[in-house]
Amino acid sequence: MSRKAVSAKGAVAVGPYSHAVEAGKIVYLSGQTPIDSATGKLVEGGIKEQAEQCFKNLFSVLDAAGLTPDDVQKVNVFLTDMNNFAAMNEVYEKQFEAPYPARTTIGVASLPLGAMIEIEMIARISKK
């Protein structure tokens, strides 16, 4: 089975995977860490800055797929420190409008490149 891959200029892949894959009316976005595509390095700052960069990268992928944040149905957030939950939530709340997508937040031991956060999304194609 072939995959319809989506690549975005504003997102960085640190491994052998696509930024997103379209499967029928569903687009699965790979997890994005807070890498600044201009420098190829993690953004400086704390969890808020890292969460903002994750969303910037993800929204770049959504745009490349012809989608917007309104098309996002599910979000998975991975945090290396659950004490950062409230601060992440502050950033998260500004990214979407109610009704918000379904979401899961999971505490993990570590993430690639020492990131504090990684976010992945599932979106639905409402047009076409």
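Worth a mention:
- Alpha carbon centroid spacing (whole Å) that separates region 27-42 from region 48-108: 13 Å
- With a Förster radius of 22 Å applied to the C-beta separation of residue 98 and residue 124, the computed FRET efficiency comes to 0.80.
- Net lengthening on full extension, residue 7/residue 37 (0.36 nm per residue, minus Cα-Cα): 9.5 nm
- Across the options 85, 66, 34, the greatest Cα extent toward the positive end of the charge dipole of the chain (unit charges at beta carbon of Lys, Arg, Asp, Glu) belongs to 66.
- Couplings 3J(HN,Hα) of region 69-81, computed from phi: x, 5, 8, 6, 9, 9, 10, 10, 10, 10, 10, 7, 9 Hz, in residue order, whole Hz [Karplus 6.51 cos²θ - 1.76 cosθ + 1.60, θ = phi - 60°; x for Gly and Pro].
- Amide H within-cut-off set for residue 26, under 5 Å, with H built and near neighbours excluded: 125
- Dipole magnitude (debye, nearest 20) for the chain, charges at Cβ of Lys, Arg, Asp, Glu: 600 debye
- Within the chain, the longest run free of exposed loop sites, counting GluC sites (Glu not before Pro) that sit outside DSSP helix and strand states (H, G, I, E, B) and have at most 12 other Cβ atoms within 10 Å, spans 45-96.
- GNM on the chain, alpha-carbon springs under 10 angstrom: the most fluctuating residue among 111, 67, 58 is 111.
- In degrees, nearest ten, helix 47-64 long axis to first principal axis of the chain (Cα): 10 degrees
- Distance-filtered residues of region 90-128 - backbone nitrogen under 14 Å, label point 7 angstrom along residue 23 Cα→Cβ: 121-125
Bear in mind these aren't lab numbers, they're just calculated from the coordinates by the rules spelled out. These numbers come from a predicted model, not from an experiment. Counting neighbours? That spans all protein chains shown, and the Cβs are built from the backbone with ideal geometry, glycine included.
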